[in-house]
Amino acid sequence: MTTLTGRPNTALLVIDMQNGVVDGAHERTSTTARIAALVERARDERVPVIWVRHSDEDMPLGSDSWQGIPELVRDDAEPLVHKAYGDSFEGTDLDDVLGRAGVGRLVVTGAESDACVRSTIHGAFTRGYDVTLVSDAHTTGDKSAWGAPPPEQVIAHTNLYWGFQAAPGRLAAVVPSADVAFRGA
């Protein structure tokens, strides 16, 4: 239903699954396994897989902390978008990459739920994309020392409020990884 004309396709977006981001993340192993299964399904169904990696002064481009985690291996043919802001669209070529692939619907996974995932789903939605957040395929670290709720509550809240997003001509959805439909959704 996207408001982007001529973009009937879906892409799987994998946000910031990097050594320096998910080290110590909530349920990292099981979340990563679900993302890996979605990547495999997307590849099997010829759905574009777009990888996003964040860099900043604590995680410089090319450093070990910047590298993708070893459990998720990007195919060299799959786009890699470099970002320096929470929203994967800000200051990047993500919209161009998606436009070239005719993508108007995103299936979103990755880290961190309360930062880059949240910023990106909102950024995509305001740009006209339909956005499906995969409820059990995003994670975050524990920021309770700074006053945040525990990670499981952050993830649950992100899933809760995204399920109630609405805007003219766009769809927001939250589904578990087992229910992701790359085609016909």
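The values are calculated or read from the model by the stated rules, or taken from the named source; none is laboratory data. On a predicted model such as this, the values are computed, not experimentally measured, just so you know. Reconstructed Cβ throughout: ideal geometry from the backbone, glycine too, with neighbour counts over all protein chains shown. With ligands, DNA and RNA removed, areas are computed over all heavy atoms of the protein, side chains included. Shrake-Rupley method; radii C 1.70, N 1.55, O 1.52, S 1.80 Å.
Estimated purely from DSSP H runs of n ≥ 4, each contributing -39500 (n - 2.57), the mean residue ellipticity at 222 nm for the chain is -7500 deg cm²/dmol once divided by its residues.
Need one number: the % of Cα-Cα pairs in the chain sitting beyond the 26 Å mark.
Details: 3841 of 17020 pairs.
Tail fraction, whole percent: 23.
Surface analysis of the chain yields an accessible area of 46 Å² per residue, using protein heavy atoms and a 1.4 Å probe.
Within the accessible area of region 1-120, what % is carbon and sulfur when the probe is 1.4 Å and the other protein chains stay in place? Display every interim value, and only then the final one.
Numbers: 2550 of 5470 Å².
C and S fraction of accessible area: 47 percent.
Given a Förster distance of 30 angstrom, what is the FRET efficiency for Ala33 paired with Thr5, based on the Cβ-Cβ distance and rounded to 0.05? Efficiency for this residue pair is about 0.25. Once backbone amide H atoms are built at 1.01 Å from N, Asp136 has Ser177 as its partners under 5 Å, excluding neighbours fewer than 5 places away on the same chain. Find how many whole Å separate the alpha carbon centroid of region 1-43 from the alpha carbon centroid of region 81-122. Region 81-122 and region 1-43 have Cα centres spaced 10 Å from each other.
Taking amide H atoms as placed 1.01 Å from N in the peptide plane, the amide H of Glu71 has no partner under 5 Å among residues 5 or more positions away or on other chains. Solvent-accessible surface of protein heavy atoms, probed at 1.4 angstrom with all chains present, puts Phe164, Phe182 in the order Phe164, Phe182, largest first. If only the Cβ of Lys and Arg carry +1 and only the Cβ of Asp and Glu carry -1, the dipole of the chain around its Cα centre is close to 740 debye. Converting phi to 3J(HN,Hα) with the Karplus coefficients 6.51, -1.76 and 1.60 and the offset θ = phi - 60°, region 8-16 yields x, 8, 10, 10, 9, 9, 10, 9, 6 Hz in sequence order, with x at every glycine or proline. Database remark: amide H of Ala173 closer than 5 angstrom to the amide H of Val131, Thr132, Leu133 (H placed geometrically; neighbours at sequence offset of 5 or more, or on other chains; Pro and chain starts carry no H).
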